[in-house]
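The values are calculated or read from the model by the stated rules, or taken from the named source; none is laboratory data. Everything quoted here is computed from the prediction, not taken from an experiment. As a convention, Cβ positions derive from the backbone with ideal geometry for all residues, glycine included, and neighbour counts pool all protein chains shown.
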Amino acid sequence: MAEIYKDLRHKLQSPHNSSEKRKKHKSDKDKNNSKSYSKHKSQIRDEGETERERELRKVHSGIEQIRVFDQEQCLEIENKIDLVVKCGEKGGFKEHTLDRAPLRNKYFFGEGYTYGSQLERKGPGMERLYPKGEVDEIPKWIYDLVISPLEAANIIPKDWVNSAVINDYMPGGCIVSHVDPIHIFDRPIVSVSFFSDSYLCFGCRFSFRPIRTTEPILCLPVGQGCVTLLSGYAADEITHCIRPQDIKERRAVVILRRVLDDAPRLPATISSSSKKRKHASDYDSESDDGQRKSNKKHKHRRSSHDHYNSNGRKHRSGSYSSDDSNENRSSHKHRREVRYHKKS
Ligand SMILES: O=C(O)CCC(=O)C(=O)O
């Protein structure tokens, strides 16, 4: 499938491709100053197709997919994810480590942040990191089994990752369209998929009751063991999501990101007073089994992440509506380049 996309990308980039021909055709038409109504209509249709193709090419330019993990490595990592889930079920994590939703749980390690309806003040760029120490450390197995192989393959620089999130989806689970907050996370956004194959979709709008989405600009296959890197347009200028119909079997993803040094953080006093840690963590980041002694059930906390209206694409005005909203787009634009060598 990745090959197909590569081919498409080449096709779109080729000076001989039909979109280029259409552009030339259009400018010839403009020069001839054709005014007939039927010509005008076909011109609009051509422009529409060209716009979509151009957007698809821009999305592809910010996507890289690499296969790093074989079946054996995937199984080992999947066993570890199961242990994380068990630990969460026993109430073994700090309060902000685990964000539960009916068909999808998120586990934040290293750093956690407020998003969606957790935000006291909603709007683009309002996401805030929790004070340091309010989520559990990145487990040692994530360093050993996931981060280290990516570092060894020069896909991410050494010690770059300071945030690891595991999303665990049940069939029908989803993540609504969003842009990972640009004022919180450096690019690229690195994710590794496990348990089953699915699709990461770009440019969908969600609506609810019943949940449904508009046609995506791109459905990117994300197979088991596949590493996906998003940067540039794919990360910043178009939303991505996981649609409920694309999770047919249980799926998990490990998202590896770098929180920016100047990302805004909630003051310790406000956050800690309202959201106390429930149990002392004995999910030791050094411990491989990840089991905790406490068996108290974690209080169910509905997440906004899956219940928030979102728009697929940037509006002409430049505003977005997304749960992982984004701001400071221009001021952070210079940060967007991938600053290191990526494996091709
Ligand atoms: O499940 C995935 O592959 C993407 C998840 C995602 O975009 C997120 O959690 O922010």
Worksheet item: Which condition does Pro181 not pass, out of (1) on the phi < 0 side of the Ramachandran plot; (2) modelled with pLDDT under 95, if it passes all the others?
Response: (2)
Discussion item. What's the number of the only condition in (1) over 28 Å from Asp70 (Cβ atoms); (2) more than 10 Å from the ligand (Cβ to nearest atom); (3) among the polar types (S, T, N, Q) that Thr239 fails to meet?
Written reply: (2)
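Any residue at all in the range 143-163 that's modelled with pLDDT under 95 and of a type in the set (A, V, I, L, M)?
Narrowing the range 143-163 to residues modelled with pLDDT under 95: none.
Scanning the range 143-163, I find no residue that is modelled with pLDDT under 95 and of a type in the set (A, V, I, L, M), so the answer is no.
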Response to the item:
Checked the range 170-198 for anything of a type in the set (S, T, N, Q) and either within 10 Å of the ligand (Cβ to nearest atom) or farther than 24 Å from Val68 by Cα (or both); matches are Ser177, Ser191, Ser193, Ser198
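What residue, of Asn167, Asn162, is more than 15 Å from the ligand (Cβ to nearest atom) and either closer than 25 Å to Val85 by Cα or within 11 Å of the chain's Cα centre (by Cα) (or both)? I'd like the intermediate steps shown before the answer.
On the way: Asn167 fails: more than 15 Å from the ligand (Cβ to nearest atom).
Checking each option against the conditions leaves just Asn162.
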Practice prompt. Count, please, the residues in the range 173-231 that happen to be within 21 Å of Pro102 (Cα to Cα) and among the β-branched types (Val, Ile, Thr).
Written response: 4
